[in-house]
1. Mind pulling the angle between the C-alpha long axis of helix 3-20 and the longest principal axis of the chain? Nearest 10 degrees, somewhere in 0 to 90.
2. Note the full-extension length gain between residue 101 and residue 158 as 0.36 nm times their separation in residues minus their Cα-Cα distance, in nm to one decimal.
3. Can you tell me how much longer the chain between residue 179 and residue 46 gets when fully stretched, taken as 0.36 nm per residue apart minus their C-alpha distance, in nm with one decimal?
4. Taking the chain as a Gaussian network, Cα atoms linked when under 10 Å apart, which of 125, 203, 188 shows the biggest mean-square fluctuation?
5. Taking the beta-carbon count within 10 Å as an exposure proxy, list 84, 49, 54 from fewest neighbours to most.
6. Can you figure out the FRET efficiency of residue 113 with residue 144, using R₀ = 30 Å and their beta-carbon distance, to the nearest 0.05?
7. I need the Debye-formula profile for the stretch 21-65: one equal scatterer per C-alpha, no solvent, reported as log10 I(q)/I(0) at q = 0.15, 0.19 1/Å, two decimals.
8. With the Cα gyration tensor of the chain in hand, convert its eigenvalues to equivalent ellipsoid semi-axes via √(5λ) and list them largest first in whole Å.
Amino acid sequence: MFLLGHTCWSYIFSKVTGRRVKVGLPAYTVLLAGVLPDFDIYFKPLILHHTYTHSLLILLPICAVLVIRFRASGLAFSAGMLSHLVADSIVGTVPPLYPLSDLQLGVSLGLPSLADTALEVGALGLVLILAFMNGDYKLVTESQRESIFLAIPLVSIVTLTLLFAGDLSIPLATIAFSRRALTLITVGHAVLIGILGLGVSQGVKAITSDDRPQTKRLEQPV
């Protein structure tokens, strides 16, 4: 699955899990959790893509540590991270027992495909609905310092996409609109990146804004 689907499904998995265990993780952390398994792209050729970081033998112990250390927060974050393997196994395959075995398991519906496009674009729509319901939309519509942290998933999405395309010599400008499915997914990425970028600008605005109104309130007699 592309990064659009991974970030969006991670948001959904983490937020739903967090609600059940009564913990609310910041939006940037649940978006980031879904792309963490693809961080192996940063370390090529030392680590082959889609191997260690896509193995349950590696991720489950990491998730166990997170749950033990951070309890409910760790569980919600882990749900987002593991959603990456679920998504990849639906449209392709994953090596759950790597490095002990190269066995690949998955439904392999195709990438890109109608199913993948529906899952990715549909996930974006669900994220927009959830963000409106839980108040995360305010990170984009209001000036607040926390919004600056949306730069973390934003930079991750952009750099991982460029690095992956560069390693495989993929002409992004040509491939992005070569098929209807890819066009929809490209538009979805653009929408997500635009939203995150707007959120980051709100964070910058909050940080650089004048604090005189607050000072004025503090100086008022009680």
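1. Result, in degrees: 60.
2. Gain in length upon complete extension: 17.4 nm.
3. 44.6 nm
4. In this elastic network of the chain, the residue with the biggest mean-square fluctuation among 125, 203, 188 is 125.
5. Working: 84 27, 49 18, 54 21.
By the 10 Å Cβ count, ascending: 49, 54, 84.
6. Details: r = 39 Å, r/R0 = 1.30.
Step by step, r from the Cβ atoms, then E = 0.15.
7. Once normalised to I(0) and log-transformed, intensities are -0.48, -0.70.
8. Equivalent-ellipsoid dimensions as semi-axes: 33, 22, 16 Å.
Throughout, read-outs are computed from the coordinates displayed, never taken from laboratory work. Everything quoted here is computed from the prediction, not taken from an experiment. All Cβ positions, glycine included, derive from the backbone under ideal geometry; neighbour counts span all protein chains shown.
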